[in-house]
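The values are calculated or read from the model by the stated rules, or taken from the named source; none is laboratory data. Computed from a predicted structure; not experimentally measured. Every residue, glycine among them, receives a Cβ derived from its backbone with ideal geometry; neighbour counts consider all protein chains shown. For the accessible areas, the whole protein counts, side chains as well, though only heavy atoms, and no ligand, DNA or RNA atoms are used. Shrake-Rupley method; radii C 1.70, N 1.55, O 1.52, S 1.80 Å.
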Amino acid sequence: MKIAVTSASGKLGASIVKYLINLIGKENVIGIARTPEKATYLDVEIRKGDYNNSEDFNEALQGVDAVLLVSGMDEPQKRIQQHRNVIEAAKQNGVQKIVYTSIVGDENNNAFSPIVQSNRQTEKDVQNSGLNWVIGRNGIYIEPDLEYIDTYVKEGRIENCAGQGKCTYTSREELGFAYAKLLVENKHNGNVYNLVGEPVTQTELAENINKVYGTNLIYNSVTIDSYAADRKAALGDFMGTVIAGIYEGIKSGANDVHSDYEKAAGREHISNLEMIKNFNLGN
């Protein structure tokens, strides 16, 4: 069984490749990357695949039994066609199964919703492909918060507009483990899974970071409008709007969802505190 993973040069794709190697051996894993040389360190066969180029995927998916489609990072409307390029190439090449990395979130009520909507459209495209399929809806990654810790320490606080909303954080490591299982185990076919961890508030997140890093962070809640303005100034309009929309969604409860992780992965999702400890040990 040959399994291909798109965006293999990215952190999520690389994690999935790593766990697939453990399950089926590196000779059966194919990494697909827009810039192949960035993925050669994975020590599997690497093929070129740019989401904008359907011909790339017509070649990249030859001889592949299952493909993991990592959601693209482009603007929402562009993503839909980019993902369709992969789905169509999978159909043309006789790929039997497609697994898609979607996302948890509110489809209508915040600035992150257009991205959620584009993911839901790809979910429908995958479900209507005629192939066997599985969809994972990822929780928010814990890693960006931990990569930002120097700034948090400098400012003495975590500050955003999430209020007391709860977020079911996950990690790329936990997702990599789960997606490898979804790819190789046919019992998951036809399911949509929330791949998320335990729900925590931003205050609880700060407390867990303090426990691991020995810091003294507090959480400070600000208004949605002021946080959006701050993020746009720092990151530009598109990314600033996206980030503010994520925390707006957390505030409204869009990220406090039930977890299907154990059903997907065969074990419980590790705790928020354990994810932070693991990240710290790995750096």
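Out of all the residues in region 1-16, which are hydroxyl-bearing (S, T, Y) and open to solvent by 30 Å² or more (accessible area, probe 1.4 Å)?
The answer is S7, S9.
Go through region 240-259 and count every residue that is acidic (D, E) and either open to solvent by less than 40 Å² (accessible area, probe 1.4 Å) or not in a helix (DSSP H, G or I) (or both).
Result for region 240-259: 1.
Would you mind stating whether A234 is in a helix (DSSP H, G or I), within 18 Å of I158 (Cα to Cα) and among the aliphatic types (A, V, I, L, M)?
It is true that A234 is in a helix (DSSP H, G or I), within 18 Å of I158 (Cα to Cα) and among the aliphatic types (A, V, I, L, M).
Please enumerate the residues belonging to region 181-208 that are crowded, with 23+ Cβ neighbours inside 10 Å and either touching a Ser or Thr at 6+ places or on another chain (Cβ under 9 Å) or not in a helix (DSSP H, G or I) (or both).
Selection gives L195, V196, G197, Q202.
Looking only at residues in region 215-229 that are outside any helix (DSSP H, G or I) and within 18 Å of T151 (Cα to Cα), which one is most open to solvent (accessible area, probe 1.4 Å)?
N216
Can you tell me which residues in region 126-140 are open to solvent by 40 Å² or more (accessible area, probe 1.4 Å) and either assigned to a helix (DSSP H, G or I) or out of contact with any helix residue (DSSP H, G or I) (no Cβ under 6 Å at 6 or more places or on another chain) (or both)?
Q127, N128, G130, N132, R137
Do any strands (runs of 3 or more DSSP E) entirely within region 26-125 hold 3 or more residues that are of a type in the set (A, V, I, L, M), open to solvent by less than 40 Å² (accessible area, probe 1.4 Å) and within 30 Å of A244 (Cα to Cα), and if so, which?
66-70
Of everything in region 260-274 that's in contact with a Gly (Cβ under 8 Å, 6 or more places away or on another chain) and open to solvent by less than 10 Å² (accessible area, probe 1.4 Å), which residue is nearest to K187 (Cα to Cα)?
It comes out as A264.
Checking D237 against (1) acidic (D, E); (2) modelled with pLDDT of 95 or more; (3) surrounded by fewer than 22 Cβ atoms within 10 Å (Cβ to Cβ), which single condition isn't satisfied?
It fails just one condition, (2).
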